1. State whether the residues of segment 131-143 include one that is under 20 Å from the mean Cα position of the chain (by Cα) and within 21 Å of Ala219 (Cα to Cα).
2. What residue, among those in segment 63-88 that are of a type in the set (A, V, I, L, M, F, W, C) and under 14 Å from Gly373 (Cβ atoms), is surrounded by the fewest Cβ atoms within 10 Å (Cβ to Cβ)?
3. Tally time: how many residues in segment 144-162 are buried (at least 17 other Cβ atoms within 10 Å of the Cβ), more than 18 Å from the chain's Cα centre (by Cα) and at pLDDT 95 or above?
4. Cβ-Cβ under 6 Å, sequence separation 6+ or interchain: first residue in segment 122-141 and closer than 15 Å to Tyr163 by Cα and in the same structural domain as Ala156 (by TED's automatic domain parsing), partner of a type in the set (A, V, I, L, M, F, W, C) and surrounded by fewer than 22 Cβ atoms within 10 Å (Cβ to Cβ). Which pairs?
5. Please verify whether Thr177 is modelled with pLDDT under 95, hydroxyl-bearing (Ser, Thr, Tyr) and either part of a loop (DSSP other than H, G, I, E, B) or farther than 17 Å from Asp210 by Cα (or both), treating the condition exactly as stated.
6. (1) closer than 20 Å to Ser361 by Cα; (2) part of a loop (DSSP other than H, G, I, E, B); (3) out of contact with any His (no Cβ under 7 Å at 6 or more places or on another chain): which one isn't true of Ala232, the others all being true?
7. Step by step: first the residues of segment 211-229, then only those that are closer than 25 Å to Gly160 by Cα and not in a strand (DSSP E or B), then the one that is nearest to the chain's Cα centre (by Cα). Which residue is that?
8. Would you call Thr277 assigned to a loop (DSSP other than H, G, I, E, B), buried (at least 24 other Cβ atoms within 10 Å of the Cβ) and out of contact with any His (no Cβ under 8 Å at 6 or more places or on another chain)?
Amino acid sequence: MKGTLAIAFIAILCLSMFSALALKVNAQQSSGNWSMFRADPSHDGVGTGNPVLTPTLLWKYTTGGNVESSPAVVNGVVYVGSDDGNVYALDAATGDKLWSYPTGGGASSPAVVNGVVYVGSGNANVYALNATNGIQLWNYTTHTGYGDSGITSSPAVVGGVVYIGAADLNVYALNATNGDKLWSYFAGSSTLGVLSSPAVINGVVYVGSDDGNVYALDAATGDKLWNYTTGASIQKSSPAVVNGVVYVGSDDGNVYALDAATGDKLWSYPTGGKVETSPAVENGVVYIGSVDNYVFGLNATNGDKLWSYPTGGDVFSSPAIVSNVVYVGSWDGNVYAFNATNGDKLWNYTVNNTPGHFIYSSPAAVNGVIYIGSDDHNVYALGTSPASSPLLSSSNIVFIIAGVIAVVIIIAALVFLVFQKRLKTKNQQTTLQNSASVFSIQLSQG
């Protein structure tokens, strides 16, 4: 009985250790998320996982329209909008469609927070959808009749609030639970409205506007803290806020660095064309593209050019960086990878070489895979190994070894128990035989 209890205890202990390790491995595999445009509310554009050094097409999914939306990737699901009027949820490992939701217009880049997908639409609505099944939870309608009335600004979700710009010239703060408007800020007179996507950090909303200004707004009240006027409109360039500095591009061809507290200009760098991409910032370097076909690496402190690389087309895609590799799309139909230190091209992958089809979408870099959309209607997943994680990945090897060790311990314990039982039975038989012999001797002597 005691041996059986001991074996049961050992088995439970091993299985518990095995389960704990499994949970840890699974957590590590799913910890890499790209939850909104530019990865997080600060818009630093920094991803997770190993770099993709040799690109392989893992899968592609064909929608019914141009994919200018940039993917969000959360818990193994890719969320992306298409100009066919749908938001899609795709399995990150296989590209299989999990669900789609018709928004009634093209969709901005989604944000996925706490099991909810938030997205702007070409029909002037902001939608909240259940991330598991795509069921609508709420929608908020901005004013229509301004410009094209669509929402191309991508939401930032922080502290239970959705921050987003709209074609009606306003920046909105909406209750993330029910869509109620908390405040709105009128961001000046312009033609296209607020196409830029807000960055939110330390209780401040930073956003560009078509009126040429960068605005800093109190995240709780919407009150303006400061604004900085560039030399032209700020359309699709969205601020990145890193280490107390706001980095943003303008249609005047400049990249700006502004003091996040005051709005004072720290430096500007002139490119050869409009800057409608959003910067990625890491390790003291700003990575950004321009309509002059170039991708730049700029010193984040003083704006000095560290390197530049000419792609074959205008760059509207915003860079992502992972493990010292910069990824970006170009209007020449290629996704590029550059050494972040010196700008050397590591590779380019042609997703679309059809004239008139471009890459507006910005890459999301998660767990060693690059996800990006294209104007050829497709969403692409590029990596060096299957997105589903190969059997012999490092994490799975640890998982397998732990399982084998647990099984060996359990088998050894069982063998030991069987041996103990046999030994006990043999001893009992020997004792009985000895007792019988003694009894027989006693009878013979009596």
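1. Step one: filter segment 131-143 for residues under 20 Å from the mean Cα position of the chain (by Cα), giving 131-134.
When the remaining residues are screened for being within 21 Å of Ala219 (Cα to Cα), the result is none.
No; the residues of segment 131-143 include none that is under 20 Å from the mean Cα position of the chain (by Cα) and within 21 Å of Ala219 (Cα to Cα).
2. Pass one, segment 63-88, residues of a type in the set (A, V, I, L, M, F, W, C): 67, 72-74, 77-78, 80, 87.
Checking which are under 14 Å from Gly373 (Cβ atoms) leaves us with 67, 72-73, 78, 80, 87.
Numbers: Val67: 29, Ala72: 30, Val73: 26, Val78: 29, Val80: 28, Val87: 23.
So the residue we want is Val87.
3. The number of residues fulfilling the criteria is 1.
4. Ala128/Val116; Ala128/Leu137; Ala128/Trp138
5. Judged against the criteria, Thr177 is not a match.
6. The failed condition is (1).
7. The selected residue is Ala219.
8. On the way: assigned to a loop (DSSP other than H, G, I, E, B): yes; buried (at least 24 other Cβ atoms within 10 Å of the Cβ): yes; out of contact with any His (no Cβ under 8 Å at 6 or more places or on another chain): yes.
For Thr277, the condition - assigned to a loop (DSSP other than H, G, I, E, B), buried (at least 24 other Cβ atoms within 10 Å of the Cβ) and out of contact with any His (no Cβ under 8 Å at 6 or more places or on another chain) - is met.
The values are calculated or read from the model by the stated rules, or taken from the named source; none is laboratory data. Bear in mind the structure is a predicted one, so any value in this text is a computation, not a measurement. Cβ sites come from the backbone with ideal geometry, for glycine too, and all protein chains shown count toward neighbours.
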